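Working notes for the structure below.
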Amino acid sequence: MTFAATILTLYPEMFPGPLGVSLAGRALGEGKWSLDTVQIRDFAIDRHKTVDDTPAGGGAGMVLRVDVLASAIDHARGLHPACPVLAMTPRGKPLSQERVRELAAGPGVTVLCGRFEGFDERIFEGRGVEEVSVGDIVLSGGEPAALMLLDACIRLLPGVMGAASSGTEESFENGLLEYPHYTRPAEWEGRTIPEVLRSGDHAKIAAWRKQRADEDTRLRRPDLWERHTGARAQPASGARRETKE
Ligand code: SAH
């Protein structure tokens with residue numbers, strides 16, 4: 001099945017962009033995912049093709065018009081009716097690997113990219129749009145955020161990454177950061193590789209990796225660690241999902 005990505009943007013020329021090369025580019029060529037871009041400006045209703053207007057209540061910048069956005073979304077829904085519609089916005093729910101997995105398992109995504117000050121708020125309820133943030137940063141447009149979301153989904157599509165890296169040990173997959181990696185040379189500028197990794201003792205290596213994943217998560221991401229240990233303490237809550245791989 002082809003994962004259908006539809007991007008609503010004022011800058012369709014930004015796509016596939018970086019997703020046209022490497023893993024994602026090959027997968028696009030092989031038809032594992034498809035890409036449609038929709039130019040929001042095509043849905044403007046005036047002679048000048050205006051997509052934005054001044055903010056109600058005053059203030060700096062311009063806001064994307066709800067009527068123009070709605071027409072663009074309706075058109076995109078016609079292309080892929082089963083795909084959820086997501087809008088990229090710093091006010092949205094932070095994107096998680098769990099949500100990426102759900103999306104990658106579905107028929108595709110339709111992604112609305114903002115510009116200027118963002119969207120007229122009425123679009124979200126009015127068209128059942130999921131608001132998604134890619135972090136507590138402000139981008140100049142939703143396009144890099146959409147590329148990020150797509151990249152994360154595409155690498156999980158069947159046959160894209162190859163069997164060796166099904167991603168089950170990756171950061172966030174079990175609520176932890178991944179353990180650190182090393183490769184040759186064994187010594188570099190006086191820095192060595194942890195001895196255990198060269199021991200050939202697979203049980204010891206696994207234990208070391210588990211310990212480092214725990215420790216690094218606790219030190220670097222106390223928020224993840226708290227959730228992880230909390231979830232372990234109350235397994236009956238069903239808050240954690242077992243993956244089948
Ligand atoms: N005035 C808005 C920011 C607008 S930035 C605010 O303060 O919340 C312009 C566009 O960039 C947004 O509409 C959105 O589509 C995109 N964008 C910026 N930061 C983002 C983020 N962290 N996550 C997802 N999209 C983002």
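The values are calculated or read from the model by the stated rules, or taken from the named source; none is laboratory data. These numbers come from a predicted model, not from an experiment. As a convention, Cβ positions derive from the backbone with ideal geometry for all residues, glycine included, and neighbour counts pool all protein chains shown. These area figures cover heavy atoms from the full protein model, side chains too; ligands, DNA and RNA do not enter into them. Shrake-Rupley method; radii C 1.70, N 1.55, O 1.52, S 1.80 Å.
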(request) Return the whole-Å distance between the Cα centroid of region 78-119 and the Cα centroid of region 188-229. (result) 34 Å
(message) I want to check the label-to-label distance for E121 and A60. Put each point 7 Å from Cα in the C-beta direction and report it in nm to one decimal.
(response) 2.0 nm
(request) Compute the label zone of M1 within region 80-107: residues whose backbone N is under 19 Å from the point 7 Å along Cα-to-Cβ. (result) 80-86, 98-107
(request) Could you state the angle between the C-alpha long axis of helix 143-154 and the longest principal axis of the C-alpha atoms of the chain, as a value from 0 to 90 degrees rounded to the nearest 10? (result) 50 degrees
(request) Can you tell me the 0 to 90 degree angle between the C-alpha axis of helix 202-220 and the longest principal axis of the chain, rounded to 10? (result) 50 degrees
(request) Would you mind calculating the gained length between I45 and A207 on full extension (0.36 nm times residue separation, minus the Cα-Cα distance), in nm to one decimal? (result) 52.1 nm
(request) Could you please put M88, M148, M1, M14 in sequence from largest to smallest accessible area, using a 1.4 Å probe? (result) M1, M148, M14, M88
(message) Expected output is a single nm value to one decimal: the length gained when fully extending between E30 and A105, i.e. 0.36 nm times separation in residues minus the C-alpha distance. What is it?
(response) 25.2 nm
(request) With an 8 Å cut-off on Cα pairs and a minimum separation of 6 or more residues, tell me the relative contact order of region 169-233 in percent. (result) 37 percent
(message) Just to confirm the number: angle between the C-alpha axis of helix 66-79 and the first principal axis of the chain, 0 to 90 degrees, nearest 10?
(response) 60 degrees
(request) For the chain, give the share of DSSP beta bridges that are antiparallel, in percent and rounded to the nearest 5; count only bridges with both residues there. (result) 15 percent
(message) Not counting ligands, DNA or RNA, and with a 1.4 Å probe, what is V111's accessible surface area in Å² rounded to the nearest 10?
(response) 0 Å²
(request) Go ahead and run the numbers for FRET between D74 and V21, Cβ-Cβ distance against an R0 of 51 Å, rounding to 0.05. (result) 0.95
(request) Using only the alpha-carbon atoms of the chain, report the extent along each of the three principal axes, biggest first, to the nearest angstrom. (result) 72, 43, 41
(request) Using only protein heavy atoms and a 1.4 Å probe, report how much of E117 is accessible, in Å² to the nearest 10. (result) 120 Å²
(request) Would you kindly find the accessible area of I137, with a 1.4 Å probe and non-protein molecules such as ligands, DNA and RNA excluded, rounding to the nearest 10 Å²? (result) 100 Å²
